[in-house]
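Colleague: Structure in structure tokens, see below.
The values are calculated or read from the model by the stated rules, or taken from the named source; none is laboratory data. If you're wondering where the values come from, they're calculated on a predicted model, not measured in any experiment. FYI the Cβ positions are ideal-geometry reconstructions off the backbone, even for glycines, and counts take in every protein chain you see.
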Amino acid sequence: NAGVTQTPKFRILKIGQSMTLQCAQDMNHNYMYWYRQDPGMGLKLIYYSVGAGITDKGEVPNGYNVSRSTTEDFPLRLELAAPSQTSVYFCASRGPRQFFGPGTRLTVL
Amino acid sequence: KNQVEQSPQSLIILEGKNCTLQCNYTVSPFSNLRWYKQDTGRGPVSLTIMTFSENTKSNGRYTATLDADTKQSSLHITASQLSDSASYICVVSAQVGAAGNKLTFGGGTRVLVKP
């Protein structure tokens, strides 16, 4: 199993640009999550999904959108990037245990 | 409001020494408590997970304790190694509706092991 994979690893965006952070898992987990981690802070939940076709907002969903068309994939969409979205983004999936991806470091200038 | 507080924020220890990290939480309804290790530039990796009825759990040189009455947990690192340098994150899970478990993350303790 590859576990949870994320792409890209790094990205620099200009204000107002859009992008999609990719996340995939091969463990057949129903639950998937997107978190952001700001320096020195705990992870904050952006969106989560309890299965294909079902998504819901977490603590900090503003400025983001998600979709879950398959069990394996859970992309996170930023439509109009803002400097406040500069952060490290972690995708995770959960079966009996929760597994995190390696993260995507995003800088918005 | 669910909160997880960790202390200290950071510490430096000499290789071979022991250290203990603290985690206090106000999360309900409590489901489980997890400790993660996060190396710089990597995602968190699970070390231990404890439910309400478990007082202690070990994973190699890492031993976690849980006192559900006082809502405190600790992570003890024995005979530290340079590879233990990382952030250690306490995460408390609350059992909620469709989300299954809602996780509240502590801010982490950054550990630096020096030779």
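Colleague: State the number of residues belonging to the range A:47-80 that are over 19 Å from residue A:106 (Cα atoms), basic (Lys, Arg) and in contact (Cβ under 8 Å) with a residue 40 or more places away in the chain.
Modeller: 0
Colleague: Restricting the range B:38-62 to residues that are assigned to a loop (DSSP other than H, G, I, E, B) and touching a Ser or Thr at 6+ places or on another chain (Cβ under 7 Å), which is modelled with the highest pLDDT?
Modeller: Per the criteria, the residue is B:61.
Matching residues to (1) among the acidic types (Asp, Glu); (2) over 30 Å from residue A:9 (Cα atoms); (3) surrounded by fewer than 19 Cβ atoms within 10 Å (Cβ to Cβ):
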| position | (1), (2), (3) |
| --- | --- |
| B:17 | no, yes, yes |
| B:48 | no, no, no |
| B:51 | no, yes, yes |
| B:66 | no, yes, no |
| B:73 | no, yes, no |
| B:76 | no, yes, yes |
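Colleague: Let me ask something else. Quick one: in the range A:13-42, which of the residues that are exposed (fewer than 12 other Cβ atoms within 10 Å of the Cβ) and farther than 21 Å from residue A:60 by Cβ is modelled with the highest pLDDT?
Modeller: A:14
Colleague: Just the residues that are of a type in the set (Gly, Ala, Ser), facing chain B (nearest Cβ under 8 Å) and part of a strand (DSSP E or B), please, taken from the range A:83-109.
Modeller: Once the filter is applied, which keeps residues that are of a type in the set (Gly, Ala, Ser), facing chain B (nearest Cβ under 8 Å) and part of a strand (DSSP E or B), the range A:83-109 yields only A:92.
Colleague: Look at the range B:1-36 and say how many of its residues are away from chain A (no Cβ under 11 Å), within 16 Å of the chain's Cα centre (by Cα) and not polar (S, T, N, Q).
Modeller: 10
Colleague: Residues of the range B:63-107 being of a type in the set (Phe, Trp, Tyr) and modelled with pLDDT of 95 or more, which ones?
Modeller: If the condition is that a residue be of a type in the set (Phe, Trp, Tyr) and modelled with pLDDT of 95 or more, then B:88 is the only one that fits.
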